[in-house]
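What follows is a short report on a single structure.
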Amino acid sequence: MLSIDEGDAAETRTHETRGFMQQVRVAARRKCTPEEKVRIVLEGFRREVAVRDLCRREGIKPGAFYAWTKDFMEAGKERLTRDAVRNATRQEIEQIKRESTDLKHLVADAWITVMEMPGEVGKELNSGRPQGNLFNLQEWLEYSRPPNKIL
């Protein structure tokens with residue numbers, strides 16, 4: 001029969017051995033690159049080989065294979081959704097802002113031209129409007145017009 005000290009020592013060695021075995025398993029675990037994961041998942045989709053055999057051949061656990069498959073499907077779903085509702089790039093946003101500003105100035109210039117029209121049309125459009133607004137509008141347009149920048 002083992003004494004208490006010998007039993008504790010054996011238990012300690014067993015615990016150390018289990019810890020060492022776990023370290024070896026972790027160190028020996030195969031780490032796949034993203035390209036390898038895609039290749040393995042696609043091969044599993046083809047169903048030419050059973051998943052069990054594929055995982056054994058590649059040195060991975062079936063749970064890892066199914067997790068990669070789920071991630072693969074989610075990434076594809078996200079990509080397809082993003083293609084349908086694509087985010088504008090910063091350059092596209094800046095271009096749209098420039099076009100919007102240019103259109104606002106074009107409309108304002110056209111309005112000024114209409115307001116300065118002589119004859120009955122000009123009188124009809126200008127009736128009831130203080131004369132100072134035309135100058136203020138032109139001044140505002142010149143002040144608000146962004147300088148031409150080279151990007």
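The values are calculated or read from the model by the stated rules, or taken from the named source; none is laboratory data. None of these values were measured; they are calculated from a predicted model.
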Selection count, region 14-27, where residues are among the basic types (Lys, Arg) and modelled with pLDDT of 85 or more: 1
Flag for ARG30 being of a type in the set (Lys, Arg), at pLDDT below 85 and over 32 Å from the mean Cα position of the chain (by Cα): no
Output for region 5-51, where each listed residue is within 24 Å of ALA75 (Cα to Cα), assigned to a helix (DSSP H, G or I) and of a type outside the set (A, V, I, L, M): PRO34, GLU35, GLU36, LYS37, ARG39, GLU43, GLY44, PHE45, ARG46
Any helices (runs of 4 or more DSSP H) falling wholly within region 73-151 and containing at least 2 residues that are farther than 30 Å from VAL41 by Cα and modelled with pLDDT under 60: 119-126, 132-144
